[in-house]
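K.L.:
For reference, the structure I am asking about is given below.
Rule-based calculations on the coordinates, nothing more; no lab input. Computed from a predicted model, the values in this text were never measured in an experiment. We place every Cβ from the backbone using ideal geometry, glycine too, and count neighbours over all the protein chains shown.
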Amino acid sequence: MVLAVFLAHVTSLSNDFLDYDDRALFVENPLIRSGEASNVWAIFSPDRPNWRPLRDLSHWLDYLVHGQSPFWSHLHNLALLAICVVVMVRLLERLGATPAVALWATALGFVHPMQVETIAWVTGRKDLLACIFGVTALGCLLRMITAERPFRWGVAGFTCTALAIMAKGHLVVMPALFVGLMFVPPRGGLERLKTRRFVLTFVALTVLSACVVPLISRGPVVLRADLLEHGDRFRLSVSDQLQLPGLYVSKYVWPANLSPVYDPLPFGAIHRIYVGLGVGVMLAWVTLLVRWFRVSDKRFAPLFFSLILLMPHLHLVRGTVFMANRYVFLIAPLWSWILVETLVKYVTTSRLLPFILGGLVFAWAGVGMHEHLAWRNSVTLWTRVVERAPDNPYGRQRLGRTFYEAGELERAAPHFMKIADDDPTSEGRNYNAAKVLSELGRYPQARHYLVRCVEHVPDSRQCAQRLLWIDQQLGVEATNSVRR
């Protein structure tokens, strides 16, 4: 099964580093590029923004071993993926799945096309590390519940929890996951909640999460157009948030035309459809959770844990990005467990079941290989983003910058002009378009964007200076405001 998952993602070995956090967090990060041991302490410093020290430590080790080779960095990701498969199978078995069901669920979960982003992207390593240590922590804590000498398992679970949170802060939900372990199997959970070992462990995990929350909250996820202008945050309304459960489930069930990076926010009639779908999905989740708990159904455990893991990605705190495929990296195997258990229950012909599951693995792996094509380099990535969302200024800005830095100004210009025309009041967008056009020698067009920039942002020094220079090239008399 490890080999099957590996083969589904092996094409990522030919990928390059991407202009999507890879440069900022690894390729151009001075803490990593120096290779000095003293930087390890700086990596774990609580004063750093975007505090994910375990991810950065893995990049630092990469630099020591192979410098900055894309091949070895992607091979590192695939090695971590293999470990994820092993620990996930073991956890599902401990939670009540049969060995065959655990294998099929894990295979379906990790070959799913939504997992491509995490595996094919070097910076996606944070999810791989969080999966390894988070799943291991749950396994240790589960052993602690029933062990005669629980201390060592409790210490191991606490340590792995700390490492998982240092890889990705969303696992601060571990105390809630630990409560769910008390109900595996569901009956007897209330008696377990009264034990001393539960109280002490729950308090320790809660204190750990509370201490880490201020560290991870200093690095909010913001969409940025870094060439010369910062992008705005997505301000999500309640109706926007209600779409998310339906969107996540629909992409899991039908993973066609996935958008790499961040999915755009649906508007118009499709917005209302997804709101209704999201509300329906949440009601179905609650209904199934109560029903499966009452009858001690095995599907209770994966549904409960997946809902807890999904909570941070429903954006209960305003001002973050909408959604991304990598948010379900840990959740997809749990949903796959529910899917396999449901098929086992309702497919009466047992000989037919392996063909159904095998066909699904093959189909998802095939779609995933197509998604891998978008992650080969920065041009293919941002081209795919623009194809899926032509009006997404973030994708066009990144694609234009990629062409610009490669010296392909003719290919960069249309993208900068498009986003400048979509928002004519933006100083940065008008200036970027004018800068590329002036370097191409297309001064009249460049002047058009600079005049518009000065009209909307009279205090823009950079636009005024470049406009003055272009007027000199064209022999046009500059206005008094531009001279000033």
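K.L.:
Say the dipole of the chain comes from +1 at the beta carbon of Lys and Arg and -1 at that of Asp and Glu; which of Ser69, Met182, Leu310 then lies farthest toward its positive end?
P.N.:
Met182
K.L.:
Please return the longest range in the chain lying between exposed loop sites, taking chymotrypsin sites (Phe, Trp or Tyr not before Pro), DSSP loop only, at most 16 other beta-carbon atoms within 10 Å, and leaving the sites out. Write out the running numbers ahead of the final one.
P.N.:
Values: sites that count: Phe44, Phe267.
Longest gap between qualifying sites, sites excluded: 45-266.
K.L.:
Same structure, new question: Just rank Ser250, Ser58, Ser73, fewest to most, by other beta-carbon atoms within 10 angstrom.
P.N.:
Working: Ser250 15, Ser58 22, Ser73 25.
With the fewest neighbours first, Ser250, Ser58, Ser73 line up as Ser250, Ser58, Ser73.
K.L.:
Over the chain, what per residue volume does the convex hull of the Cα atoms give, in whole Å³? Could you put the intermediate results ahead of the total?
P.N.:
Details: hull volume 78.1 nm³, N = 484.
Enclosed volume per residue, from the Cα hull, is 161 Å³.
K.L.:
Same structure again: Restricting to lysines 8 or more places apart or on different chains, can you count the pairs in segment 2-374 with Cα atoms under 29 Å from each other?
P.N.:
The number of close lysine pairs in segment 2-374 is 8.
K.L.:
To the nearest Å, what is the center-to-center distance of segment 94-153 and segment 33-83, using C-alpha atoms only?
P.N.:
If you average the Cα positions of each part, the centres end up 21 Å apart.
K.L.:
Please arrange Thr106, Thr383 by how many other C-beta atoms lie within 10 Å of their C-beta, fewest to most.
P.N.:
Lowest count first: Thr383, Thr106.
K.L.:
Related question: Could I have the simple spin-label model distance between Ile270 and Glu387, label points 7 Å from Cα toward Cβ, reported in nm to one decimal?
P.N.:
1.6 nm
K.L.:
Oh, and also: Identify all aspartates and glutamates with a Cα-Cα distance to Lys418 below 13 Å; exclude those on the same chain that are fewer than 8 residues away in sequence.
P.N.:
Leaving aside aspartates and glutamates fewer than 8 places away in the same chain, those within reach of Lys418 are Asp391.
K.L.:
While we're here: Taking the Cβ of Ala164 as the centre, find all other residues whose Cβ is under 14 Å away and add up their charges (Lys, Arg: +1; Asp, Glu: -1). Can you show the working numbers first?
P.N.:
Values: positive: Arg52, Arg55, Arg125, Lys126, Lys168; negative: Asp127.
My count for the surroundings of Ala164 gives +4.
K.L.:
Could you tell me whether segment 378-483 comes out rounded, prolate or oblate from its Cα gyration tensor? Rule is a ≥ b ≥ c as square roots of the eigenvalues, rounded for a/c under 1.5, then prolate if a/b exceeds b/c, otherwise oblate.
P.N.:
Because a/c hits 1.5 or more and a/b exceeds b/c, segment 378-483 counts as prolate.
K.L.:
State whether segment 1-57 is rounded, prolate or oblate according to the following rule on the C-alpha gyration tensor (a ≥ b ≥ c being the square roots of its eigenvalues): a/c under 1.5 gives rounded; otherwise a/b larger than b/c gives prolate, and the remaining case gives oblate.
P.N.:
Values: a/c = 2.61, a/b = 2.00, b/c = 1.31.
Verdict is prolate for segment 1-57.
K.L.:
Let's see if you can work this out: charge +1 on each Lys and Arg Cβ, -1 on each Asp and Glu Cβ, no other charges. What is the dipole magnitude of the chain about its Cα centre, in debye to the nearest 20? Each step should come with its number before you reach the end.
P.N.:
On the way: 49 positive and 36 negative charges, 347 e Å.
The calculated dipole for the chain is roughly 1660 debye.
K.L.:
Using the charge dipole of the chain (Lys, Arg: +1 at Cβ; Asp, Glu: -1 at Cβ; taken about the Cα centre), state which of Val386, Val436, Ile270 has its Cα farthest towards the positive end.
P.N.:
Ile270
K.L.:
Also: For Lys435, which aspartates and glutamates qualify as cross-link partners when the Cα separation must be under 19 Å and same-chain residues fewer than eight apart are set aside?
P.N.:
The qualifying aspartates and glutamates are Asp226, Glu229, Glu405, Glu408, Glu410, Asp421, Asp422, Asp423, Glu427, Glu455, Asp459, Asp471.
K.L.:
A further question on this structure: What's the longest uninterrupted piece of the chain once you rule out the GluC sites (Glu not before Pro) that are loop residues per DSSP with at most 15 other Cβ within 10 Å? Don't skip to the end; give the middle numbers.
P.N.:
Working: sites that count: Glu28, Glu36, Glu148, Glu408, Glu477.
The longest such stretch corresponds to 149-407.
K.L.:
Another question, then. Per residue of the chain, what 222 nm ellipticity follows from adding -39500 (n - 2.57) for every DSSP H run with n ≥ 4, rounded to the nearest 500? Intermediate results must be reported in sequence, preceding the final value.
P.N.:
Working: 24 runs with 319 residues, N = 484.
Only helices count here, giving -21000 deg cm²/dmol.
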